[in-house]
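Heads up: the structure comes next, in structure tokens.
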């Protein structure tokens with residue numbers, strides 16, 4: 001019985017360690033402003049034109065960090081792929097304060 005308990009404890013410990021490694025590795029794959037290929041001297045605050053994903057990187061292959069609903073303000077820092085994707089900070093709503101990438105098709109100047 002003790003052998004089974006030790007084996008179970010070892011398995012659980014290993015799973016927790018492995019799971020922690022996966023969780024710890026996830027933010028390392030985040031793509032921040034270092035992925036930008038254009039940084040304007042000035043960029044006006046924009047608003048989402050519809051509900052849109054705030055992504056971890058500049059394409060739909062990156063995971064969503066949350067949603068920006070219509071009229072949520074987004075402060076653009078820089079862009080990528082000929083202004084198709086913008087990196088910036090969410091200024092309103094439930095994701096206020098988060099940084100991420102938004103597709104420029106869904107952003108308009110105020």
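Some points to look at:
- Near pairs, Cβ below 6 angstrom, 6+ apart or cross-chain, from the range 97-108 (without any contact (Cβ under 8 Å) to a residue 40 or more places away in the chain) to any residue that is crowded, with 20+ Cβ neighbours inside 10 Å: 104/86
- Complete set of residues in the range 76-88 that are more than 16 Å from residue 51 (Cα to Cα) and in contact with a strand residue (DSSP E or B) (Cβ under 9 Å, 6 or more places away or on another chain): 76, 77, 78, 79, 80, 82, 83, 84, 87, 88
- Filtering the range 61-96 to residues that are more than 21 Å from residue 39 (Cβ to Cβ) and either assigned to a loop (DSSP other than H, G, I, E, B) or not assigned by TED's automatic domain parsing to the domain that holds residue 40 (or both) leaves 61, 63, 69, 70, 71, 72, 92, 93, 94, 95, 96.
The values are calculated or read from the model by the stated rules, or taken from the named source; none is laboratory data. Nothing here was measured: the structure is a model prediction, and the numbers come from that model. Heads up, the Cβs are rebuilt from the backbone with ideal geometry, glycines too, and the neighbour counts pull from every protein chain shown.
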